[in-house]
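The values are calculated or read from the model by the stated rules, or taken from the named source; none is laboratory data. Being a predicted model, the structure only gives us computed values, none of them experimental. Reconstructed Cβ throughout: ideal geometry from the backbone, glycine too, with neighbour counts over all protein chains shown.
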Amino acid sequence: MTKSAKRTEKIQGVTVAGAAIAQLVLPLAAAVSGQLHQLVTSLGLQAIAAMLEHERTQLCGPAYAHDPARAATRNGHVMGELTYGGRRVRVRRPRAIDRTGAEVPLGVWTDLANQDPLNERVLEQMTIGVATRKYDRSLESMPDDVQSRTTSKSSVSRHFVAITEQKLKEWMMRSLAELGIVALYIDGIHFGEHVVLAALGVDAQGTKHVLALHEGATENGAACRGLLADLVARGLPTDRTLLFVIDGSGALRSAIRDTFGKRALVQRCQVHKMRNVESKLPESKSLQVRTAMRQAYKSKSSKTARQLLVNIARTLEKAHPSAFESIHEGLDETPTVLDLGLSDALTRSFSTTNPIENMNERIRQIARRVKRWRGGEMVLRWVGAGVWEAQRGFRRLKGYASMPKLISALAALDHARQSKKPVDVIKEAA
């Protein structure tokens, strides 16, 4: 092809493309003034109608064409409903019948009808703060020629219950065996008379996974054992050491010991411990003690941290015996991670329950609109909705690049136990 021909072809191509763009711009001229959604909706419904008619033509052949071998014949239209744009819209549905007069279902319609994006839309709107009575106002308007059915407050509520029950059931039954969890955060969230225990797992790459929710009347031993039993039944390993980060709950600590024995390496939240000690001190003394405890937790080894904490407690023994006892309670488990040889960032991540506390705060923000709780199932559904929303903002654990050091340290602990070596040499073994 000569250069002149190529140039001519290029010019023609530009002309054709320009004409196509011009044709597209014309119907969009009204869209820029606020009609874009209505235009897209109309085109989408027209596309659905075209797909339905195309399938009927494949079954019945072209209209008014005689074909003795055809499997079905046309039988007019009926009005049906599909979910579109967050509400139910009326759609003219073509019908086909076989030789016996029975209707032949159209696959396109069946697929569209079986999908229920309305449930997902309701869940999305509810978790971002839209009230059931304001749901319809939150949707885009429909074209004047499209008949739609508004979604009432009770209907929105039913859809929300249905989707949260379905998702919660599927989520609570999924296997944990393939996640490769190496550490867990466990904490409780209170809703009226109910407590929901949540378990947040961390895998070898530092990725967070919400593992389970367990509802109970209180954060007692039975509820804690129920949560751990569910985790084990769904595949959480018990044959290797796991790191557990918890608050000061004695019931939870006891349940972990009963379920995992020596395979559980427990780190108590340092922030909870400092708050507990401060609550037993006058304001004039609390700042000084908090600063001293923070310095102790920045030590390079748990042995040094424990000694510094004992020294702090000794200064409080006579004047503030409650604070003295608080420091000693669970003292050995507050500096646990200092001996694992982790980076400073990952050490801080595993020193407190902040990762799960952040998730719990998001759950509370979503559930606070509930004025009256009607049982544990309702609590679990709302907590589940909060979890799904919180997961969207999950990031890998701070300091995740140091996760291989944690895995090596936990493996060294297992090896030390098998070799019947002292387990207080984690750092050297790692």
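Close contacts from region 202-218, counting a first residue that is farther than 10 Å from residue 172 by Cα and a second that is of a type in the set (A, V, I, L, M, F, W, C) and assigned to a loop (DSSP other than H, G, I, E, B), with Cβ to Cβ under 7 Å and a gap of 6+ residues or different chains, come to 202/397; 203/179; 206/397; 208/394; 208/397; 209/179.
Residue-by-condition table, conditions (1) within 22 Å of residue 393 (Cβ to Cβ); (2) not β-branched (Val, Ile, Thr):
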position	(1), (2)
184	yes, yes
187	yes, yes
196	yes, no
200	yes, yes
212	yes, yes
215	no, yes
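Just to verify a result, which residue in region 245-286, among those that are more than 25 Å from residue 414 (Cα to Cα), crowded, with 20+ Cβ neighbours inside 10 Å and in contact with an Asp or Glu (Cβ under 9 Å, 6 or more places away or on another chain), is modelled with the highest pLDDT? By that ranking, first place goes to 273.
Tell me which helices (runs of 4 or more DSSP H) are completely within region 218-308 and hold 2 or more residues being outside the structural domain of residue 417 (by TED's automatic domain parsing), or say none if there are none.
Numbers: elements: 221-233, 250-260, 270-278, 283-297.
Because the criterion is at least 2 residues that are outside the structural domain of residue 417 (by TED's automatic domain parsing), the helices (runs of 4 or more DSSP H) in region 218-308 that meet it are 270-278, 283-297.
Checking every residue in region 56-77 against the condition of being modelled with pLDDT of 60 or more, hydrophobic (A, V, I, L, M, F, W, C) and part of a helix (DSSP H, G or I) gives at least one match. As a summary of the residue check, residue 234 satisfies the conditions (1) surrounded by fewer than 18 Cβ atoms within 10 Å (Cβ to Cβ); (2) modelled with pLDDT under 90 except for the one numbered (2). Can you pull out every residue in region 175-199 that is modelled with pLDDT of 90 or more and not in a strand (DSSP E or B)? 175, 176, 177, 178, 179, 180 - these are the residues of region 175-199 that are modelled with pLDDT of 90 or more and not in a strand (DSSP E or B). When restricted to residues that are farther than 16 Å from residue 216 by Cα, part of a helix (DSSP H, G or I) and in contact (Cβ under 8 Å) with a residue 12 or more places away in the chain, region 359-380 contains 8.
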